[in-house]
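Structure, as structure tokens:
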Amino acid sequence: MLEKRYDFNTREKHWQEYWREQEIYKFNPEAKNRYMIDTPPPTISGIIHLGHVFSYTQIDVIARHQRMLGKSVFFPFGYDDNGLPTERYVQREKKVKMAETSRQDFINLCLDTTKQMKANYEEVFSSAGHSADFSHAYSSISPRTQEISQRSFIELYNKSEIERRNSACLWCPECRTAIAQSEVDTVEMPSLMNYIYFTIKETGEKLRIATTRPELLCACVCVFVHPDDNERANLVGKTAISPYYNREVPIIANPDVDMEKGTGAVMCCTFGDEADAKWQKEYNLPVLEGIGYNGRMTDLAGEFAGQKVREARENIINKLKELGLLYDQQELTHLVATHERCGTEVELLIKPQWFIKMLEHKDEIYRAGEQVKWNPEYAKKRFLNWVDGLKWDWCISRQRFFGVPFPVWYCAECGEPMLADTSDLPVDPSTTQPHKPCSKCGYTHFNPETDVMDTWATSSLTPQICTDVITNKGLDDTYIPMDLRPNAHENIRVWDFYTIAKSLLHFGKLPWHDVMISGWGLSATGTKLSKSKSSGGTPTPLETYKKYSADVTRYWASNASLGKDVYIKEEEFKNGFKLMQKIWNASRFVLSFLEGYTPHKPAEILPMDKWIIEEYKKTFKAFMSYMDRYEMGLALNELEQLFWNFCDNYIEIAKNRLYKPEIYGEQAKESAQYAASTVLLGILKLFSIYMPHITEEIYQAYYAEIEGCKSIHISNYLDLGSNIDEQLLKNGAEVCDIVSQVRGYKSQNNLSMKDEIAAISLAGYNEFVRTCEDDIKAVCSIQTINYTDGEKAVTIE
RNA sequence: GGGAGCUUAGCUCAGUUGGUAGAGCAUCUGCCUUACAAGCAGAGGGUCACAGGUUCGAGUCCUGUAGCUCCCACCA
């Protein structure tokens, strides 16, 4: 019934088309038993690599599992195609600079580019046999998404959860935009601690100060000393004169100062670090902007104006040395905050920005994090740890072009913000004007907010964005909490965090019950794969589909412990390939004895047939319990164990009865047909969530018609009950052990497995073994078996 | 400095409530056996990082130590 060879290249394509045509994975919103997945929308910023296939396959395995449990699975697909990663990709690929392009041209270029790339993304995922609904793929830049995102903004603004503040924010000079805490990476870098002299104006004494950022001397606004500092407390109230710039700044007492650090006196610049930002507020210090938005020194820096920060630092160090104002230097490495997208050192700059209040909701978010069921469980601790360390409200404005615009104008007269009517959404304030006059001063001319929103301000609404396909209600909580949010570990503090936060702010409930954290697929040497750079030697997904098949690629991806990174090693693919061949051969063999056979429970089932069915039940139970924890790799291991047991022990035993009913009887054959076809069906169904193509191929060759089902993937698992007969398992294992000992004897004596053995004697075995005498004799080519009492032993005579 | 994870066979890793160590790969030996030589059968190989503790019994629970990895804080 099955061909000798399985031609996966053409057959995988065939089934993918079949599933599409037959709408096998169609979600039914009316279904009583639903399973809702909040699929991560991949960022459109390069080429999909095996790392993506790794984590998305794990999601697909869960979706398929839920479907096999009889649920209607909502498995949407989306593209995160707005925001910085996309802009950076377009700038790089199209060789344009955003700053030198008109807003509209740049947006159009982004839209065109992402459109082309989405086709590639869909091809890679659907060729892997992903059961997501690509026909309803959402996009984070689509008008509908913009509408939802803008509505979210307006609602939260009206609830006073959003405000615009002119305060220090994290700034990337390379991307020239504000960024959020979650977008910051810390990187170890070498640096210099510079010990320099300030002068006390009143006494002419020198005051020693240590700094790693001497270029910010031009923005120094005060010097702090600790109030309990015996040596320096007397300086409080006096005036310090900064070196080189000779700016006079007050000396202020500040209990935050650590007397052990540096020299014990701190210069406060606006802003060298977060402490400076905090102190500027607390002591109401002036703000001196030493660094511009482009990352270059401002006029305040005098002769260093226009230089990049690092350049200026070097130059002023030389200048201070020249003037004898620098008395010591010390090399050190410290961790520097950088922008995760470009690696540029982050600055703190002041600019009006929009913030969503996070700090005052820390407790609620923390509690929500405790309620979510994280898999693996330790992901929860990472989440809570992040919430604990939260220091910034969520800055959601970006000084960029390609994103969701703020639905906001400012009165040209008084500056009062004016929000769009929700009935007008989505709006682009750059091209439209409000319908009403300013509520404060009555003026009717407005300036648009030209910033766009942080892409996470929109992505944090994916539970609403993706369910909108069903509800058409936009920002709505009908299906919230959803069942599952799957994503990789780097997103715990980002996407998971923001989604939980927004769901609480809007609806006061969790966005989903469960989170599943996957690891990363890393190159063979352990480096992270990149969308923008090719990782030398690492095959692409389309290459592994072609060489090993999509099923084998999926096998590699799903054969991992949850949350753990794995390396891309060719060996793993070879193992999967062997498994695929084995499934094919074993099925081909079993099916060859089922021609014309209609499954029915025979009057009598032989002992070893009962045994393999019991083995199946045991594995099924263990499999389900692993899947409950999303441990698909461990579930797969259990399944593989059963499958090899089925092949090596059961089929070897059953094949004699199948081949030779004239010797062993028709009943014995029927019993084997029943057990073999049943267990194989059960096994195929379990494998189907990992290897959807080959299992479909085999299912369609025999079982589909019998079960009256269009596809194995909507056929439900074969549940034969959960009461396990342990004694039966033990008895069957004993028979296998006897067979194994006889095989061992033949191996050690250089005999072929088919060589006959005249007689063996079995000592100390129970009645069960006798009932399997025919099977044992046949599989080992034994003529006579003698039974004796005494200690358990197998003796070849 | 705070949090988390890891350390088990030569390699990659399983080991769910504590009961004499498992798989795959690699190595070695044998076998064309009417599904499969991209196969089959068998063998060797581990004081479960270290030190204590609880227990009749610890890879598993507790404490501590060391090494590796990740996240956070540390820019005076």
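Return the residues of the stretch A:17-31 that are closer than 16 Å to A:Glu697 by Cα and in contact with a helix residue (DSSP H, G or I) (Cβ under 6 Å, 6 or more places away or on another chain); say none if nothing qualifies.
A:Ile24
Going through the stretch A:318-356 one residue at a time, which ones are touching a residue at least 12 places away in the same chain (Cβ under 8 Å), of a type in the set (S, T, N, Q) and more than 16 Å from RNA strand B (Cβ to nearest atom)?
Once the filter is applied, which keeps residues that are touching a residue at least 12 places away in the same chain (Cβ under 8 Å), of a type in the set (S, T, N, Q) and more than 16 Å from RNA strand B (Cβ to nearest atom), the stretch A:318-356 yields only A:Gln353.
When you look at A:Tyr121, is it of a type in the set (Phe, Trp, Tyr) and in a helix (DSSP H, G or I), yes or no?
Answer is yes for this residue.
Could you please let me know if A:Glu543 is near RNA strand B (Cβ under 10 Å from one of its atoms), open to solvent by 10 Å² or more (accessible area, probe 1.4 Å), assigned to a helix (DSSP H, G or I) and of a type in the set (Asp, Glu)?
Spelling it out, it is not the case that A:Glu543 is near RNA strand B (Cβ under 10 Å from one of its atoms), open to solvent by 10 Å² or more (accessible area, probe 1.4 Å), assigned to a helix (DSSP H, G or I) and of a type in the set (Asp, Glu).
So in the stretch A:645-660, with the set limited to residues that are of a type outside the set (Ser, Thr, Tyr) and open to solvent by 20 Å² or more (accessible area, probe 1.4 Å), which one is nearest to RNA strand B (Cβ to nearest atom)?
Among residues in the stretch A:645-660 that are of a type outside the set (Ser, Thr, Tyr) and open to solvent by 20 Å² or more (accessible area, probe 1.4 Å), the one nearest to RNA strand B (Cβ to nearest atom) is A:Asp648.
Filter the stretch A:318-360 down to residues that are assigned to a helix (DSSP H, G or I) and open to solvent by less than 10 Å² (accessible area, probe 1.4 Å), then give me how many there are.
Qualifying residue count for the region: 1.
For A:Asp228, state whether it is open to solvent by 10 Å² or more (accessible area, probe 1.4 Å) and under 45 Å from the mean Cα position of the chain (by Cα).
No; evaluated as a whole, the condition is false for this residue.
Of all residues in the stretch A:242-268, how many are surrounded by 12 or more Cβ atoms within 10 Å (Cβ to Cβ) and more than 20 Å from A:Met193 (Cα to Cα)?
Going through the stretch A:242-268 one residue at a time, the tally reaches 7.
Could you grab me the full set of residues in the stretch A:185-225 that are surrounded by 23 or more Cβ atoms within 10 Å (Cβ to Cβ) and small (Gly, Ala, Ser)?
Within the stretch A:185-225, A:Ala219 is the sole residue that qualifies.
For the subset of the stretch A:382-417 comprising residues that are in a loop (DSSP other than H, G, I, E, B) and among the acidic types (Asp, Glu), which member is surrounded by the most Cβ atoms within 10 Å (Cβ to Cβ)?
Applying the filter and picking the extreme gives A:Asp393.
Are there any pairs, at least 6 apart or on different chains, whose C-beta atoms fall under 7 Å, with the first in the stretch A:231-243 and within 15 Å of A:Met267 (Cβ to Cβ) and the second part of a loop (DSSP other than H, G, I, E, B) and acidic (Asp, Glu), and if so, which?
Listed pairs, sorted by first residue: A:Lys238/A:Glu202; A:Thr239/A:Glu202.
Taking the residues in the stretch A:106-121 that are free of Cβ contacts under 8 Å to residues at least 24 places away in the same chain and of a type outside the set (Gly, Ala, Ser) as candidates, determine which candidate is most open to solvent (accessible area, probe 1.4 Å).
A:Lys115
If you take the residues of the stretch A:71-105 that are surrounded by 14 or more Cβ atoms within 10 Å (Cβ to Cβ) and among the small types (Gly, Ala, Ser), which of them is modelled with the highest pLDDT?
Ranking the candidates gives A:Ser72 first.
Take residues that are closer than 24 Å to A:Gln399 by Cα and tell me which of the strands (runs of 3 or more DSSP E) falling wholly in the stretch A:169-235 contain 3 or more.
In the stretch A:169-235, A:177-179, A:184-200 are the strands (runs of 3 or more DSSP E) which contain 3 or more residues that are closer than 24 Å to A:Gln399 by Cα.
Just one of the numbered conditions (1) open to solvent by 30 Å² or more (accessible area, probe 1.4 Å); (2) within 12 Å of RNA strand B (Cβ to nearest atom); (3) without any contact (Cβ under 8 Å) to a residue 24 or more places away in the chain is not true of A:Asp424; which one?
For A:Asp424, the exception is condition (2).
Name every residue in the stretch A:34-73 that is out of contact with any Cys (no Cβ under 8 Å at 6 or more places or on another chain) and part of a loop (DSSP other than H, G, I, E, B), in order of residue number.
Across the stretch A:34-73, the qualifying residues are A:Pro40, A:Pro41, A:Pro42, A:Ile44, A:Ser45, A:Gly46, A:Ile47, A:Ile48, A:His49, A:Leu69, A:Gly70, A:Lys71.
Restricting attention to the stretch A:575-611, which residues are surrounded by fewer than 19 Cβ atoms within 10 Å (Cβ to Cβ), in contact (Cβ under 8 Å) with a residue 24 or more places away in the chain and either of a type in the set (Lys, Arg) or in contact with a Gly (Cβ under 6 Å, 6 or more places away or on another chain) (or both)?
Scanning the stretch A:575-611 gives A:Lys582, A:Arg588, A:Lys601, A:Lys610.
Given A:Ala301, A:Ala275, which one is within 17 Å of A:Met193 (Cβ to Cβ) and part of a helix (DSSP H, G or I)?
After ruling out the rest, the residue left standing is A:Ala275.
I'm told A:Asp363 meets every condition in (1) within 13 Å of RNA strand B (Cβ to nearest atom); (2) part of a helix (DSSP H, G or I) except one. Can you identify the failing condition by its number?
So the condition that A:Asp363 fails would be (1).
Residue under question is A:Leu594, and the condition is that it be in contact with a Pro (Cβ under 7 Å, 6 or more places away or on another chain) and not in a helix (DSSP H, G or I); does it hold?
Here the answer is no, as A:Leu594 does not meet what is asked.
When you scan the stretch A:692-797 for helices (runs of 4 or more DSSP H) that lie fully inside it, which ones turn up with 3 or more residues that are open to solvent by less than 60 Å² (accessible area, probe 1.4 Å) and not charged (D, E, K, R)?
A:692-698, A:726-748, A:773-780
So for the stretch A:650-663 (the condition being in contact with a Leu (Cβ under 6 Å, 6 or more places away or on another chain) and aliphatic (A, V, I, L, M)), does at least one residue qualify?
Looking through the stretch A:650-663, none of the residues is in contact with a Leu (Cβ under 6 Å, 6 or more places away or on another chain) and aliphatic (A, V, I, L, M).
Each row is one residue, and each column tells you yes or no for (1) near RNA strand B (Cβ under 8 Å from one of its atoms); (2) among the polar types (S, T, N, Q); (3) under 30 Å from A:Thr455 (Cα atoms).
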residue	(1), (2), (3)
A:Ala180	no, no, yes
A:Thr186	yes, yes, yes
A:Gly204	no, no, no
A:Ala210	yes, no, no
A:Cys222	no, no, no
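State all residues of the stretch A:78-101 that are assigned to a loop (DSSP other than H, G, I, E, B) and of a type in the set (Asp, Glu); if no residue qualifies, say none.
Listed by number, the list holds a single entry, A:Asp81.
Consider A:Glu30 against the criteria (1) touching a residue at least 12 places away in the same chain (Cβ under 8 Å); (2) farther than 26 Å from A:Val552 by Cα: it satisfies all of them except one. Which criterion is unmet?
Every listed condition holds for A:Glu30 apart from (1).
Do any residues in the stretch A:465-476 that are part of a helix (DSSP H, G or I) have Cβ atoms under 8 Å from those of residues that are polar (S, T, N, Q) and open to solvent by less than 40 Å² (accessible area, probe 1.4 Å), where the two are at least six apart or on different chains, and which pairs are they?
A:Ile465/A:Ser140; A:Ile465/A:Thr145; A:Ile465/A:Thr458; A:Cys466/A:Thr39
The values are calculated or read from the model by the stated rules, or taken from the named source; none is laboratory data. All values derive from a computational prediction rather than experimental measurement. With ideal geometry, Cβ positions are generated from the backbone for all residues, glycine too; neighbour counts draw on all protein chains shown. Each accessible area value is taken on the protein alone, full model and side chains, heavy atoms only, with ligands, DNA and RNA left out. Shrake-Rupley method; radii C 1.70, N 1.55, O 1.52, S 1.80 Å.
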